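K.L.:
Right, I'll just put the structure down here and ask away after.
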Amino acid sequence: MLILGIETSCDETASAVVEDGKKILSNIVASQMDIHSKYGGVVPELASRRHIQNIIPVIQQSLETAGISLDDVDGIAVTQGPGLIGSLLIGISTAKALSYTKNLPIVGVNHIEGHIYSNFLENDDIKPPFICLVVSGGHTDLVYVGEGKRNYEKLGQTMDDAAGEAFDKVSKLLELGYPGGPIIDRLAKEGNPKAIAFPRPYVWDHDFNFSFSGLKTSVLNYLLKEKSEGRIINVADVSASFQSAVVDVLVEKTLRSAQTKGINTVAVAGGVAANSGLRKRFMERCQEMGYKLYFPRPILCTDNAAMIAGIGYHLLKDNESNNSYNMTLESDAIKEFL
Ligand code: KG4
Ligand code: ZN
């Protein structure tokens, strides 16, 4: 079964063709970094307008790269939420138009479930139960993925900023550009992670929730103090110290949730899963604990449509409409459009 995936939940216009939920025949992502970077974050109205321009060429390219035409496609999977409503609507309207004209089945996919699924796309041997840390620009969720079909339990989430959002906001404070994650990741390699003792919010708390807004404020206070005392900011040290604080919290909480659940397999997904410091620390700690660890490659960590087509295949095959992801859907309103 060939599934055409469409993803427009934020600022990436993406389309992919995936065979049988596994083999990626194409995975096209058109970034909008150029228009949003000067604002230090995504401007929703600009994102929607750019999706309108990009969506058809991106879909065409995904079909061409896969070496197929729309007539070869067996079904369409499109991100239904969570995400920016205007952005989501472009993908959903396009998917619906294609489905209608070609008489193809269509299914709406939860974006977070897509991120989790990227681990199944990438790794043949991954098997539930496992703990999945989903860390993106919009979410920081600790999810228990149980045995059976699409069995999820959310163990914890951020109470304020998402991990990726914290990277983006700290990058803005340092005037480094958007998206901040990859920039801070690069600079952190040249800095000393122990230079500044930023807090590790709630790291030893008993629940599995996260909070990153206080950490971001600590960075702001540090920068203001250093500047007011006439000191030059060492951007690499700030980046390394901030990243190390985020990584500590994410890794330790994830491992503790695995311990609590008596599970020895951990997976990571979402844009922040591309972070080299996070990957390294997870590898070291999982080795120490004797845990199995799974990561998608970086292109499948950040937003893409292959993950949407992948999980969409299972939904279509099992004839499930949507909403298999039984956590709160932020964009419930979007369902009525499908
Ligand atoms: O999953 P994603 O592409 O989109 C959302 O669903 O939000 O994640 C985007 C987020 C941004 O906040 C970006 O700064 C962050 O992922 N990110 C990173 C890295 N690459 C992307 N954060 C830290 N290190 C990276 N290498
Ligand atoms: Zn995402």
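Taken together, the values in this text are just the output of simple stated rules run on the coordinates, not laboratory data. What you see is a predicted model; the values in this text were computed from it and never measured. Backbone-built Cβ (ideal geometry, glycine too); neighbour counts: all protein chains shown.
K.L.:
Which members of region 280-319 meet the condition of being of a type outside the set (Val, Ile, Thr), within 15 Å of the chain's Cα centre (by Cα) and part of a loop (DSSP other than H, G, I, E, B)?
P.N.:
Scanning region 280-319 gives Phe295, Pro296, Arg297, Asp303, Asn304, Ala305.
K.L.:
Right, next: Determine whether region 231-254 contains at least one residue that is in contact with a Cys (Cβ under 8 Å, 6 or more places away or on another chain), within 26 Å of Asp125 (Cα to Cα) and free of Cβ contacts under 8 Å to residues at least 60 places away in the same chain.
P.N.:
Checked region 231-254: no residue is in contact with a Cys (Cβ under 8 Å, 6 or more places away or on another chain), within 26 Å of Asp125 (Cα to Cα) and free of Cβ contacts under 8 Å to residues at least 60 places away in the same chain.
K.L.:
If you scan region 212-259, which residues turn out to be of a type outside the set (A, V, I, L, M), surrounded by fewer than 18 Cβ atoms within 10 Å (Cβ to Cβ) and not in a helix (DSSP H, G or I)?
P.N.:
Of everything in region 212-259, those that are of a type outside the set (A, V, I, L, M), surrounded by fewer than 18 Cβ atoms within 10 Å (Cβ to Cβ) and not in a helix (DSSP H, G or I) turn out to be Glu229, Gly230, Arg231, Asn234.
K.L.:
Ok, one more. Which ones in region 1-15 are touching an Asp or Glu at 6+ places or on another chain (Cβ under 8 Å) and of a type in the set (Gly, Ala, Ser)?
P.N.:
Ser9, Ala14, Ser15
K.L.:
If you go through region 7-51, how many residues are touching a strand residue (DSSP E or B) at 6+ places or on another chain (Cβ under 7 Å) and either of a type in the set (Val, Ile, Thr) or closer than 30 Å to Ile126 by Cβ (or both)?
P.N.:
Total meeting the criteria: 19.
K.L.:
Tally up the residues in region 141-176 that are without any contact (Cβ under 8 Å) to a residue 24 or more places away in the chain and either farther than 30 Å from Tyr313 by Cβ or under 17 Å from the mean Cα position of the chain (by Cα) (or both), please.
P.N.:
The qualifying residues number 1.
K.L.:
Please determine, by comparing only the residues of region 152-190 that are of a type in the set (Phe, Trp, Tyr) and within 9 Å of ligand 1 (Cβ to nearest atom), which one is nearest to Cys10 (Cα to Cα).
P.N.:
Tyr178
K.L.:
Out of all the residues in region 267-313, which are touching a residue at least 40 places away in the same chain (Cβ under 8 Å), of a type in the set (D, E, K, R) and within 12 Å of ligand 1 (Cβ to nearest atom)?
P.N.:
Asp303
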